[in-house]
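The values are calculated or read from the model by the stated rules, or taken from the named source; none is laboratory data. These numbers were taken from a predicted model, which means no experiment stands behind them. As a convention, Cβ positions derive from the backbone with ideal geometry for all residues, glycine included, and neighbour counts pool all protein chains shown. The accessibility values were calculated without ligands, DNA or RNA, using every heavy atom of the protein model including side chains. Shrake-Rupley method; radii C 1.70, N 1.55, O 1.52, S 1.80 Å.
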Amino acid sequence: MRPYLALFRARFRALLQYRAAALAGFGTQLFFGIIRTMILGAFYASSTGGARPMTLAEAISYVWLGQAFFYLLPYSANPDPDVRDLIRTGQVVYELARPLDLHSLWLSRALAARVAPTMMRALPMFLVAIPFFGMTLPPSWPAGLAALVAIAMAALLTAAFATVITATLMWTTSGEGIARILPSLVMIGSGMVVPLPLFPDWAQPLLTALPFRGMADDPFRIYLGLLPPGAVLAVLARQGAWTLALVLLGRGLVARGQRRLVLQGG
């Protein structure tokens, strides 16, 4: 594990240098958060009758959680651009020559690419959204701690999913098709576009069966106290099961791809 932890730390420190990008990203997410909360306010004001799965205050907090942790997800369905360039130029041969597991190498990079930007943007978003834009704190300390654990598991889950997508570069090289199709599915299925509790009942079984719910919706609902304490372990177990399944799938793809990879330019 030591080489992969070293790679994670190196990639993490490198990404922390992009402070101007973090500031710009924070401003963008703040702007879209305000727009989305205004849309939700209008939706709740115009809807009448029927039981609502979440209050307006809960929906607003859900949106701000999505803005704070947006960078856990935005490129989770895109191939790693650095790996794509390595495969295009043939320089991936240097990674193949290292005495390291290629999948674990890419997984470490994917995890760092999610954790570092999120850490730079999440805290400022909390500091602004809680006092000024209606975001609430967790109802209890246990709920907050459970949400932190679920968010950490979500980072692992999205990194495992991203590594599967990166592994497809061994067949597609450019990865443009996946980069156009999957991000929208991930963003909708995770609840980053519309909170999943607001989806119709017929869609809930499908949303639960997919891995995307564990990337955002489940941690957010734990934070808001919308899930009972007894459901927390089930959420963590589902996140862990999907992470393991995606890691095994990614390792299988990488192993198969290494046997047939033709280096571009090499």
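Taken over region 182-208, residues that are more than 16 Å from the chain's Cα centre (by Cα) and within 18 Å of residue 59 (Cβ to Cβ) amount to 7.
Within region 99-114, identify whether any single residue is modelled with pLDDT of 90 or more, buried (at least 19 other Cβ atoms within 10 Å of the Cβ) and under 16 Å from residue 216 (Cα atoms), and answer yes or no. Checked region 99-114: at least one residue is modelled with pLDDT of 90 or more, buried (at least 19 other Cβ atoms within 10 Å of the Cβ) and under 16 Å from residue 216 (Cα atoms). Restricted to helices (runs of 4 or more DSSP H) entirely inside region 1-118, those with at least 1 residues that are in contact (Cβ under 8 Å) with a residue 12 or more places away in the chain and acidic (Asp, Glu) are 56-68, 81-89. Name the helices (runs of 4 or more DSSP H) wholly within region 129-195 that hold at least 2 residues that are of a type in the set (Ser, Thr, Tyr) and buried (at least 23 other Cβ atoms within 10 Å of the Cβ)? Helices (runs of 4 or more DSSP H) meeting the threshold: 141-167.
Screening 212, 220 for residues that are closer than 17 Å to residue 246 by Cβ and aromatic (Phe, Trp, Tyr) leaves exactly one candidate, 212. Quick check: anything in region 255-266 in contact with a helix residue (DSSP H, G or I) (Cβ under 6 Å, 6 or more places away or on another chain), in a helix (DSSP H, G or I) and hydrophobic (A, V, I, L, M, F, W, C)? No, region 255-266 contains no residue that is in contact with a helix residue (DSSP H, G or I) (Cβ under 6 Å, 6 or more places away or on another chain), in a helix (DSSP H, G or I) and hydrophobic (A, V, I, L, M, F, W, C). The test for being touching a residue at least 40 places away in the same chain (Cβ under 8 Å) and among the aromatic types (Phe, Trp, Tyr) does not hold for residue 199. Filtered by the rule that a residue be closer than 22 Å to residue 55 by Cα and of a type in the set (Phe, Trp, Tyr), region 213-260 gives 220, 223. Scanning region 196-232 for residues that are open to solvent by 40 Å² or more (accessible area, probe 1.4 Å) and aromatic (Phe, Trp, Tyr) yields 199, 202.
On inspection, residue 69 passes the criterion of being under 17 Å from residue 194 (Cα atoms) and either open to solvent by 20 Å² or more (accessible area, probe 1.4 Å) or in contact with a helix residue (DSSP H, G or I) (Cβ under 8 Å, 6 or more places away or on another chain) (or both).
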